[in-house]
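Single-structure report; data block below.
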Amino acid sequence: MPELPEVEVTRRSFASRIAGASVASVSLGKPLRWPLGCNPVDLAGRQVLGVGRRGKYLILELDQGFLLLHLGMSGSLQFGEGLPPSGPHDHLNIVTSRGTLRLHDPRRFGAVIYATSLQDGVVSKLLGGLGVEPLEAGFDPVSFHQALKRRRSPIKQVLLAGDVVVGVGNIYASEALFAAGIRPTTRADRISLPRARKLHAAIVAVLQRALALGGSTLRDFSSAEGQSGYFQLDAMVYGRVGQPCRVCGTAIRQIRQGQRSTYYCPSCQKP
């Protein structure tokens, strides 16, 4: 599933190119997770003012209203002129004066939702429970530690939940916990302030590195320019079960947490 780095890489790859464009037409393919919320014909003639992001949602700001896009489990966006004809897995085409924005989503867990304002009920339902953005100033180690003290679940599960800090997906949670030396099964409320500071710094560093490397391409993720990500090639623990730890040589272990695979080093990461 595309996580915060992949969504932000996608945003950066087309935001400046589509800003200021006029919408000529909007067409939908097979139904996605939720209905659009308006007649696509009504979006013609509107102007794209910019592209923002909240968690894993991209937010296209129009001169009238907003479009929220979620890439789901397997989605990716393309933007440009001269795109090939839509295929069976292309479920959104926004034709603009600067090119076509297309959502490709084989599993159709993605979503495109129209809202008249960011105060709409549908927006509050989707974004209202999200935690702090990890790459913005509001993510500070003391507040992070205080939030962890209120959670009794394993720290890996707390990171994935997204209500304490948003966008730290499965790959990046495993990598940040390794960098901080914290075992993923450790209860969140038992993490001390010094360890929370290490984890806070590790989350920021891992996500920044992922952005620099274009995110992670495990299956078919690519940016709106068609570029793959390379973070997975530098992973310390994720996807490396049985291989020697790059730090101490101990074999990397894999466990299941909440139906997701978790990878860790039993020597470098302490309970």
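Just the residues that are closer than 26 Å to Arg152 by Cα and either open to solvent by 80 Å² or more (accessible area, probe 1.4 Å) or aromatic (Phe, Trp, Tyr) (or both), please, taken from the stretch 229-245.
If the condition is that a residue be closer than 26 Å to Arg152 by Cα and either open to solvent by 80 Å² or more (accessible area, probe 1.4 Å) or aromatic (Phe, Trp, Tyr) (or both), then Tyr238 is the only one that fits.
Kindly check whether there is at least one residue in the stretch 236-245 that is at pLDDT below 95 and under 21 Å from Glu8 (Cβ atoms). Yes: one or more hits. In summary, Glu61 fulfils each of the numbered conditions (1) touching a residue at least 24 places away in the same chain (Cβ under 8 Å); (2) open to solvent by 10 Å² or more (accessible area, probe 1.4 Å) with the single exception of condition (1). Are any residues in the stretch 6-24 open to solvent by less than 50 Å² (accessible area, probe 1.4 Å) and in a strand (DSSP E or B), and if so, which ones? Of everything in the stretch 6-24, just one residue is open to solvent by less than 50 Å² (accessible area, probe 1.4 Å) and in a strand (DSSP E or B), namely Val23.
The sole residue among Leu69, Leu36, Leu32 that is open to solvent by 20 Å² or more (accessible area, probe 1.4 Å) and in contact with a strand residue (DSSP E or B) (Cβ under 8 Å, 6 or more places away or on another chain) is Leu32.
Kindly establish whether Arg102 is basic (Lys, Arg) and over 17 Å from Leu58 (Cα atoms). So Arg102 fails the test. Of all residues in the stretch 1-26, those satisfying the criterion of being among the polar types (S, T, N, Q) and modelled with pLDDT of 95 or more are Ser16, Ser22, Ser25. The residue that is farthest from Lys56 (Cα to Cα), among those in the stretch 150-159 that are touching a residue at least 60 places away in the same chain (Cβ under 8 Å) and surrounded by fewer than 22 Cβ atoms within 10 Å (Cβ to Cβ), is Pro154. Among the residues of the stretch 103-127, those that are open to solvent by less than 60 Å² (accessible area, probe 1.4 Å) and either assigned to a loop (DSSP other than H, G, I, E, B) or at positive phi (or both) comprise Asp105, Pro106, Gly110, Ser117, Asp120. Touching a His at 6+ places or on another chain (Cβ under 9 Å), buried (at least 18 other Cβ atoms within 10 Å of the Cβ) and of a type in the set (A, V, I, L, M, F, W, C): is that true of Phe144 in this structure? In short, yes.
Beta carbons closer than 6 Å, at least 6 apart along the sequence or on distinct chains, pair a first residue in the stretch 183-205 that is open to solvent by less than 20 Å² (accessible area, probe 1.4 Å) and in a helix (DSSP H, G or I) with a second that is modelled with pLDDT under 95 and not small (Gly, Ala, Ser) for Ile203/Val168. For the stretch 246-268, residues that are assigned to a loop (DSSP other than H, G, I, E, B), open to solvent by 60 Å² or more (accessible area, probe 1.4 Å) and modelled with pLDDT of 95 or more total 3.
Gly45 fulfils the conditions (1) in contact with a Ser or Thr (Cβ under 8 Å, 6 or more places away or on another chain); (2) outside any strand (DSSP E or B); (3) in contact (Cβ under 8 Å) with a residue 24 or more places away in the chain; (4) open to solvent by 30 Å² or more (accessible area, probe 1.4 Å) except for a single criterion, (3).
The values are calculated or read from the model by the stated rules, or taken from the named source; none is laboratory data. As the structure is a computational prediction, the values presented were derived from the model and not from experiment. We place every Cβ from the backbone using ideal geometry, glycine too, and count neighbours over all the protein chains shown. Note: areas computed on protein heavy atoms with side chains; ligands, DNA, RNA excluded. Shrake-Rupley method; radii C 1.70, N 1.55, O 1.52, S 1.80 Å.
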